[in-house]
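Worksheet for the structure shown next.
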Amino acid sequence: MPRPTELTVPTETGPGRLLVSPAEDPTALLWLGHGAGGGAGAPDLAVLAEELPRHGVTVVRHEQPWVLAGRRVAPRPAALDTGWLAALPAVTELAAGVPVVVGGRSAGARVACRTAGGVGASAVVCLAFPLHPPRRPERSRAEELLRPEVPVLVLQGTRDALGTADEVAAAAAGAPAVEVVPVAGADHALKVGRSAPVGQADTLALLPATVRLFLGRELPAR
């Protein structure tokens, strides 16, 4: 995987960073946020950044200021949204007129859903959307998932303690804009165990392949 270009983004809480993996002739830009437990190097984000540029999609992974500052605990949702939105001018310039798709894993998926309308996103890609805290299904975050008025793809593990694929599909029932794709045997990190029907390498390969089909179907042809 070629080393991505790094861009620093100033925010009111310190610098953030964009890791840009460009497509040679892009048809879209996918802007991805990370989860509350790690940065842009998460395997699911990394495989999208490696594979999608080969198929015409520039991938921009966004590292929030708290990660660059070395803090271990993510700030509250409002601060995450502020750090994300500070990068919008830079992302818009990178897109250079092609459709911008927002997304991310876990907390990053929540940020993408909350801000999709405000940034003019053409679609949303969620990896392991945290539908509820562990063992607290009554504290649903379905309202955030259903907020975007554009097509939403959710890649969700069947063993995710923060909401299985079945739970997310049930929460999105009646919302035709939301497509839930189960990731067999995967947990919240989209990791699979030894007894899973599909191994880890093939599970990771499923992610960019599914995103490509989604974008090809939902974005306007050039």
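Points to keep in mind about this one:
- In order along the range 150-160, phi translates into HN-Hα couplings of 10, x, 10, 10, 10, 9, 10, x, 6, 10, 5 Hz, rounded to whole numbers, per the Karplus curve 6.51 cos²θ - 1.76 cosθ + 1.60 with θ = phi - 60° and x for Gly and Pro.
- Cut-off under 5 Å, modelled amide H: who pairs with A42 long-range: none
- Within the shell of other residues whose beta carbon sits under 11 angstrom from the beta carbon of A112, the net charge comes to +2, with Lys and Arg scored +1 and Asp and Glu -1.
- Under 5 Å from the amide H of L30 lie the amide H atoms of T58, V59, V60, V101, each residue being 5 or more positions distant or on a separate chain, with H modelled from the backbone and absent for Pro and chain starts.
- Cα gyration tensor shape for the range 101-222, rounded if a/c is under 1.5, else prolate or oblate: oblate
- Across the accessible surface of the range 70-222, with the other protein chains kept in place and a 1.4 Å probe, carbon and sulfur atoms take up 56 percent.
- Under the Karplus curve 6.51 cos²θ - 1.76 cosθ + 1.60, θ = phi - 60°, whole-Hz ³J(HN,Hα) for the range 130-139, x wherever Gly or Pro sits: x, 4, 7, x, x, 6, 10, x, 6, 9
- The helix-only estimate of mean residue ellipticity at 222 nm for the chain, built from DSSP H runs of length n ≥ 4 each weighted as -39500 (n - 2.57), is -9500 deg cm²/dmol after division by the residue total.
- Rounded, prolate or oblate (a/c below 1.5 giving rounded, otherwise prolate when a/b exceeds b/c) for the range 44-102 by Cα gyration tensor: oblate
- Share antiparallel - DSSP beta bridges, the chain, percent rounded to 5: 30
- Å² of accessible area per residue within the range 1-71, as computed with a 1.4 Å probe and no ligands counted: 44
- Across the chain, the relative contact order, built from alpha-carbon pairs under 8 Å that are at least six residues apart, equals 16 percent.
- Amide H to amide H, with H built 1.01 Å from N, G35 comes under 5 Å of R105, G108, counting only residues 5 or more places away or on other chains.
- Values of log10 I(q)/I(0) for the chain across q = 0.09 Å⁻¹ run -0.31, by the Debye formula with one identical scatterer at each alpha carbon and no solvent.
- Net +/- balance of residues flanking A177 in space, Cβ distance below 10 Å, scoring K and R +1, D and E -1: -3
- Per-residue 3J(HN,Hα) values for the range 172-182, derived from phi via the Karplus relation 6.51 cos²θ - 1.76 cosθ + 1.60 with θ = phi - 60°, read 9, 4, x, 10, x, 6, 9, 10, 10, 10, x Hz in sequence order (x marks Gly and Pro).
The values are calculated or read from the model by the stated rules, or taken from the named source; none is laboratory data. What you are looking at is a predicted structure, and each value in this text was computed from that prediction instead of being measured. Cβ: placed from backbone, ideal geometry, glycine included. Neighbour counts: every protein chain shown. Heavy atoms of the whole protein, side chains included, go into the accessibility calculation; ligands, DNA and RNA do not. Shrake-Rupley method; radii C 1.70, N 1.55, O 1.52, S 1.80 Å.
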